[in-house]
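Peer 1: The structure's right below; bear with me while I get my questions together.
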Amino acid sequence: MGNIWYQFMKYYIKLALFFYYKKIKLVGRENIPKNGAIMFVCNHPNALIDPLLIKTNTFKDLYVLTRAGAFVNKFVIAIFESVKMIPIYRKRDGYNSVTKNDAVFEKCYDTLNDKKAILIFAEGSHSLLRKVRPLTKGFARIIYGSFEKYPELDIQIVPIGVNYKSPMKYPDSVEIHFGKPITAKKYYNNDDILSSIESLKETVHNSLTELVSHIPGDTETYETSLAKLKSLNNDFSDPIKTNNLIKELDSLVANTAHKKSKNTKSILYYLVYINSIIPWLFWNKVKKGIKEPEFISTFRFAVGATLFPLFYIIQSFIASVFYGKTIALVYFSLSILSSLILAKTLKVND
């Protein structure tokens, strides 16, 4: 029963993400090993949307290490555990909480020894910065701990870069780039674990900077480069073009005359808005209470994947009572189709 629920949730979320994003582009998925233990290491720009995108676009059943703060109550815990999400504790959660990681790490060792896959966001927190931040040592500790417990185990690290065009806007576009596997055993030296960890962190970090639209430098340099890239109408969802542009940025002239044009709403937009007025108004109210901008897309997606289709179902039931099943089915189909067309065609400013 648990596996049926997991598969249902995985494919429902995948379908909902297809409706939510204008474009989801996968690059390098052939780099994922078909067999054996895998540690996916990813950047973390966009809260819970990041693991959802990766879980639904890999062909491996995936366990996801998620910050413990997201496990807020028994209902959420049950849902997260049913889709193979594992809480990971940080220093900010308190010393007593961090000691719980011993049991979490043991579970990870056994999961990898069973030739399964684990996803970890090695930056340790989420951020909308267009760069790969310094990696924490947690992923390396899990890998090396697995080697200590299971000396014959081999683990492949697959770096993943998730790149959003405009992560706070709807509809957005995203590119997910899978890097070439890194054989973790090559960096493992049991006589010098600290150096081994630092060497592995550096290798993975360097790989991620090629898979992510990565603007290097301190705060001032970063902001200057970011502004210049925006003036050149750069598409941040494409890390290859972005990083090549960054290399030439000093020789390029910013478009000082660049101005954002006003978003123009189509007739379809207003039709969908009117037809979805109650969940749309609910979302506008929820949005005002979101304190971290990284969570805007997560909450918007949650509302879109639950309340909008539920509202259409209720409306269809009412239509069937007054006008019959055929009219209700036509209404429901048009509601779903119009929402999909809007997501794929609506133009928004970066």
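Peer 1: Of everything in region 1-47, what is part of a loop (DSSP other than H, G, I, E, B) and either more than 15 Å from G161 (Cα to Cα) or of a type in the set (S, T, Y) (or both)? Give them in sequence order.
Peer 2: M1, Y21, K22, P33, K34, N35, G36
Peer 1: If you don't mind, there's one more thing I want to ask. So F295 passes all but one of these: (1) at pLDDT 95 or above; (2) crowded, with 16+ Cβ neighbours inside 10 Å; (3) among the aromatic types (F, W, Y). Which condition number does it fail?
Peer 2: (1)
Peer 1: Select from region 154-188 the residues that are among the small types (G, A, S) and assigned to a strand (DSSP E or B) and write down the one among them that is nearest to S213 (Cα to Cα).
Peer 2: Only one residue tops the list, namely G161.
Peer 1: A further question follows. Would you be able to say whether some residue in region 87-96 is modelled with pLDDT under 95, part of a strand (DSSP E or B) and among the basic types (K, R)?
Peer 2: No, region 87-96 has no match at all.
Peer 1: I would also like to ask the following. Would you be able to tell me the number of residues in region 277-321 that are over 15 Å from M168 (Cα atoms) and either among the basic types (K, R) or in the same structural domain as P45 (by TED's automatic domain parsing) (or both)?
Peer 2: 1
Peer 1: Among the residues that make up region 232-240, is at least one of them modelled with pLDDT of 95 or more, part of a helix (DSSP H, G or I) and out of contact with any strand residue (DSSP E or B) (no Cβ under 7 Å at 6 or more places or on another chain)?
Peer 2: Among the residues of region 232-240, at least one is modelled with pLDDT of 95 or more, part of a helix (DSSP H, G or I) and out of contact with any strand residue (DSSP E or B) (no Cβ under 7 Å at 6 or more places or on another chain), which makes the answer yes.
Peer 1: Here is a check on your reading of the model: is L62 at pLDDT 75 or above and closer than 19 Å to T306 by Cβ?
Peer 2: Taking the combined requirement at face value, the residue does not satisfy it.
Peer 1: Given (1) at pLDDT below 95; (2) touching a Ser or Thr at 6+ places or on another chain (Cβ under 9 Å); (3) surrounded by 10 or more Cβ atoms within 10 Å (Cβ to Cβ), identify the lone condition not met by N275.
Peer 2: Of the numbered conditions (1) at pLDDT below 95; (2) touching a Ser or Thr at 6+ places or on another chain (Cβ under 9 Å); (3) surrounded by 10 or more Cβ atoms within 10 Å (Cβ to Cβ), the odd one out for N275 is (1).
Peer 1: Looking at (1) in contact with a helix residue (DSSP H, G or I) (Cβ under 8 Å, 6 or more places away or on another chain); (2) not assigned by TED's automatic domain parsing to the domain that holds I155, which is the only condition K201 fails?
Peer 2: Evaluating K201 over (1) in contact with a helix residue (DSSP H, G or I) (Cβ under 8 Å, 6 or more places away or on another chain); (2) not assigned by TED's automatic domain parsing to the domain that holds I155 leaves (2) as the failure.
Peer 1: Considering region 203-224 alone, what residues qualify as being modelled with pLDDT of 95 or more and of a type in the set (G, A, S)?
Peer 2: Result: S207, S213.
Peer 1: Got at least one residue in region 223-239 being of a type in the set (S, T, Y), touching a Leu at 6+ places or on another chain (Cβ under 8 Å), in contact (Cβ under 8 Å) with a residue 24 or more places away in the chain and not assigned by TED's automatic domain parsing to the domain that holds F121?
Peer 2: Yes - at least one qualifying residue is present in region 223-239.
The values are calculated or read from the model by the stated rules, or taken from the named source; none is laboratory data. This structure is a prediction, so every number in the text was calculated from the model and none was measured. Heads up, the Cβs are rebuilt from the backbone with ideal geometry, glycines too, and the neighbour counts pull from every protein chain shown.
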